[in-house]
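Only one structure is covered here, and it is reproduced in the block below.
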Amino acid sequence: MKSSGPGVGLRTREWRPADHGRRAVSEANPARVYNYLVGGKDNYLADYEQAQRFLGVAPEVRDTALSNRRFVHRTVRHLASGGISQFLDIGAGLPANPNVHEIAQAVNPRARVVYADNDPIVASHGQARLTVSGTTMVRADIRSPDDLLGHEELRRLLDPGQPVAILLTLVLDYIEDREDPIGIVRRLMDWAAPGSCLVLSHGTGDFTLDTDREWEVISFEDPVSLVARDRDQIMEYFSGLELLDPGLVQLPSWRPGIGAESDPSRVWAYGGVGRKP
Ligand SMILES: C[S@@+](CC[C@H](N)C(=O)[O-])C[C@H]1O[C@@H](n2cnc3c(N)ncnc32)[C@H](O)[C@@H]1O
């Protein structure tokens, strides 16, 4: 906000959050932009402006993000109702409303949820806000799955001898082929007990007809490169797992609920659930 100059009238004090410092709020952060897109409140003006630039190029991005959250809700409710009581949500993002533990614990109050994310802002928000029994947030990078699986908080809350639902929703998009995303998923599922499930959603270019949109208007201070993959590539993550019905489909088509859904042509992501035999 502008002040009225020295000696003239009132000076207004500029508000700055103490914890994140000037850089964090004056520059867009990908997790906060996503938080804005899904209707969250943990975002600032720079994130809003970045989101508007995004939506100017591709309004489908919001449909995809919202549809993804609804996919998370349906899959978690389905798996909790089927008896899974442990959840590992990797690349969890800023606390969403409702979050995974609220859905799982509505079905089973004893359900336990470990959230993980490599973004320090996401991790500190989660650690401050996730005070509910049976939940925790760890700062971890999926590219080092052994560090994540060995984290003392994860080991405190999750029993590797019992089935666990591992959520990788719109996060493998951040992992380049040379970083071996398939090997990462395999390592996680090798760790998980039989009966465990992989909940996965992933962005795709399969439905983007016009490739000449001006994507270069969207850039972050710390650049993020997202990898869109086609259906066959995404299917590879489910190798060795039994795909639950209806298989790998566009997000609105995975066991649709009764609520409003986006037109599938505007949802640029696939989702599916695989069970470890
Ligand atoms: C698009 S958001 C998805 C949030 C949530 N999974 C959902 O489906 O609503 C992607 C999240 O993945 C996190 N992320 C990106 N790369 C990661 C990595 N290498 N390890 C852990 N988290 C990562 C980002 O910080 C961000 O919070």
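The values are calculated or read from the model by the stated rules, or taken from the named source; none is laboratory data. Values in this document were obtained by computation on a predicted structure and should not be read as measured data. No Cβ is skipped: glycine too gets one built from the backbone with ideal geometry, and neighbour counts run over all protein chains shown. With ligands, DNA and RNA removed, areas are computed over all heavy atoms of the protein, side chains included. Shrake-Rupley method; radii C 1.70, N 1.55, O 1.52, S 1.80 Å.
With a cut-off of 10 Å between beta carbons, the residues surrounding Gly205 carry a summed charge of -1, where Lys and Arg count +1 and Asp and Glu -1. Computed extension length for Glu261-Arg77: 64.5 nm, one decimal, from 0.36 nm per residue of separation with the Cα-Cα distance subtracted.
With the Cα gyration tensor of the range 60-275 giving a ≥ b ≥ c as the square roots of its eigenvalues, does the rule (a/c under 1.5 for rounded; else a/b larger than b/c for prolate; else oblate) give rounded, prolate or oblate? Judged from the Cα gyration tensor, the range 60-275 comes out rounded (a/c under 1.5). Counting only alpha carbon atoms, the long axis of helix 181-191 and the longest principal axis of the chain meet at about 60°.
Could you tell me what percent of the accessible area of the chain is made up of carbon and sulfur, with a 1.4 Å probe and every protein chain present? Carbon plus sulfur share of accessible area: 50 percent.
Angle of helix 120-129 to the longest C-alpha principal axis of the chain, folded into 0 to 90 degrees and rounded to 10: 80°. Residue by residue, the range 271-277 carries 3J(HN,Hα) couplings of x, x, 10, x, 10, 7, x Hz when phi is fed to the Karplus relation 6.51 cos²θ - 1.76 cosθ + 1.60 (θ = phi - 60°); x denotes Gly or Pro. Restricting to bridges with both residues inside the chain, how much of the DSSP beta-bridge set is antiparallel, in percent to the nearest 5? Taking every DSSP beta bridge with both residues in the chain, the antiparallel ones total about 40 percent. Look at where the Cα atoms of the range 155-181 and of the range 107-154 average out, and the two centres are 12 Å apart.
The charge dipole of the range 60-275, taken about its Cα centre with unit charges on the Cβ of Lys, Arg, Asp and Glu (plus for the first two, minus for the last two), comes to roughly 1160 debye. Each residue of the range 227-237 is assigned a 3J(HN,Hα), and the resulting list reads 10, 7, 10, 8, 4, 4, 5, 6, 4, 4, 5 Hz, derived from the Karplus form 6.51 cos²θ - 1.76 cosθ + 1.60 (θ = phi - 60°), x at Gly and Pro. Comparing Cα centroids, the range 30-93 and the range 220-277 end up 14 angstrom apart.
Taking amide H atoms as placed 1.01 Å from N in the peptide plane, the amide H of Gln86 lies under 5 Å from those of Arg112, Ala165, each 5 or more residues away in sequence or on another chain. Spacing of the modelled spin labels on Ala228 and Leu55, each 7 Å from Cα toward Cβ, amounts to 2.0 nm. In the context of the full set of protein chains, the chain has a per residue accessible area of 50 Å² (1.4 Å probe). For helix 45-57, what angle does its Cα long axis make with the longest principal axis of the chain, in degrees from 0 to 90 and rounded to 10? Once rounded, one gets 70 degrees.
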